[in-house]
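Student: The structure's right below; bear with me while I get my questions together.
The values are calculated or read from the model by the stated rules, or taken from the named source; none is laboratory data. Fair warning: this is a prediction, and the values are worked out from it, not measured in the lab. Virtual Cβ from ideal backbone geometry, glycine too; neighbours counted across all protein chains shown. When the accessible area is computed, the model is the full protein with side chains, heavy atoms only, and any ligands, DNA or RNA have been set aside. Shrake-Rupley method; radii C 1.70, N 1.55, O 1.52, S 1.80 Å.
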Amino acid sequence: MLLLGIETSCDDTAAAVVRDGRDVLASVSTAQDAFHAKYGGIVPEIASRRHTALLSAAIEHAAALAQTPLDAIDAIAVTRGPGLIGSLVVGVASAKALAFALGKPLYGVNHLHGHIFAAFLDRPEAPCYPMLALLVSGGHSQLVRVESPTSLEILGRTRDDAAGEAYDKTARLLGLPYPGGPELDKLAQQGDANKHTFPRHRPDPESLDLSFSGLKTSVRYFLESPAGKAVKREDVAASFQAAVVDVLMARVESALAQREYACAVLSGGVAANSALQRAFRSWASRKRIDAFIPPPKYCTDNAAMIAAAAYYQGDAVRADPLTLDADPNLPFTLNEQEALPAQARHR
Ligand code: KG4
Ligand code: ZN
């Protein structure tokens, strides 16, 4: 089954052609960092305008790279939410028009489900269930139990900042350019992670929820204090990173202690982080659990992961090319989506 994937939920304009949810024939992504960098964060209006300018070319480029004319595609998968409404609308409107014009089935995918199935792109193994997924990106941080492709349960989520947001904000405090996560990662590799101790906050010991805003604030106070003036930025970066990794891995440990899992996935933009990858792999090998981490190009937003999720979720995410709506607050579980009356869902 050949799927065209379309992803425009945030600031990456992406299209991909994927066979059977796994073989990526083409994956095209145009980052817009240069347009947002001077504002220090994503400007939603700029993001949607760039999507409008770039998406048709991205789709044509993906089809050309895959040597697949669009009418040879079996179906179209698009990110329906969550994300920025203006950005989502561009992808959803294009996907509906293409599906209608070509007479192909359409699938409306949850962006976060896409991140989870990204771990099984371009590799021989199929997804394994029940799966424990740690999903850490610029907009989300959550721990998920995946019982089957269509049965997913959030075990814990951040109560304030997402992990990527904490990285980006802390990077800014350290004077690093936007987007700061990868820059902070590089800087931390030259620093001493034991030099400073930043808090490992657990908002509620009874739950698997996360919190990062206290950590970011404590780095800020430290940098503003007299002691903070003379420090090496590399050491602060490494010590901050060690705290993030400890907090995330503590939740993963707790989740595995509570229930059994067949495999574990680390995904989302922050999954590209070198220290987190090391900690996750070493935990998995200690616990003798199979670990899957996408390569960096599939950790950050891409359209191949959207095609993969649609392939595995099938009819459960099948949509009508005339009525599918973008939903910036799309619920996480497919049941919640179904449980909502149509008017409430399409508000
Ligand atoms: O998944 P993603 O591309 O977009 C969202 O859906 O949010 O994630 C982007 C986030 C940004 O916050 C970025 O700074 C972070 O992932 N990120 C990293 C690294 N690479 C990307 N954070 C830490 N270390 C990295 N190597
Ligand atoms: Zn994402």
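Student: Here are some residues: 27, 48, 9. Which one is farther than 30 Å from residue 170 by Cα and either in contact (Cβ under 8 Å) with a residue 24 or more places away in the chain or touching a helix residue (DSSP H, G or I) at 6+ places or on another chain (Cβ under 7 Å) (or both)?
Tutor: None of the other options fit; the residue is 27.
Student: Restricting attention to the range 204-222, which residues are out of contact with any helix residue (DSSP H, G or I) (no Cβ under 9 Å at 6 or more places or on another chain) and in a loop (DSSP other than H, G, I, E, B)?
Tutor: 204, 205, 206, 207
Student: Still on this structure, please answer the following. Inside the range 169-192, can you point out the residues that are within 18 Å of the chain's Cα centre (by Cα), assigned to a helix (DSSP H, G or I) and touching a residue at least 40 places away in the same chain (Cβ under 8 Å)?
Tutor: 169, 181, 182, 185
Student: Let me ask something else. I'd like to verify a number: residues in the range 245-260 that are in contact with a Lys or Arg (Cβ under 9 Å, 6 or more places away or on another chain) and either closer than 17 Å to residue 271 by Cα or open to solvent by less than 70 Å² (accessible area, probe 1.4 Å) (or both), how many?
Tutor: Of the residues in that region, 8 qualify.
Quick grid of which residues meet (1) touching a strand residue (DSSP E or B) at 6+ places or on another chain (Cβ under 9 Å); (2) under 23 Å from residue 54 (Cα atoms):
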{"site": "270", "(1), (2)": "yes, no"}
{"site": "275", "(1), (2)": "no, no"}
{"site": "279", "(1), (2)": "no, no"}
{"site": "283", "(1), (2)": "yes, no"}
{"site": "289", "(1), (2)": "yes, no"}
{"site": "294", "(1), (2)": "yes, no"}
{"site": "301", "(1), (2)": "yes, yes"}
{"site": "308", "(1), (2)": "yes, yes"}
{"site": "311", "(1), (2)": "yes, no"}
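Student: Collect the residues in the range 152-168 that are without any contact (Cβ under 8 Å) to a residue 60 or more places away in the chain and away from ligand 2 (no atom under 16 Å from the Cβ), keeping them in residue-number order.
Tutor: Answer for the range 152-168, where residues must be without any contact (Cβ under 8 Å) to a residue 60 or more places away in the chain and away from ligand 2 (no atom under 16 Å from the Cβ): 159, 160.
Student: Here's a check for you: in the range 284-300, which residue that is more than 16 Å from residue 256 (Cα to Cα) and touching a helix residue (DSSP H, G or I) at 6+ places or on another chain (Cβ under 7 Å) is nearest to ligand 1 (Cβ to nearest atom)?
Tutor: This residue is 300.
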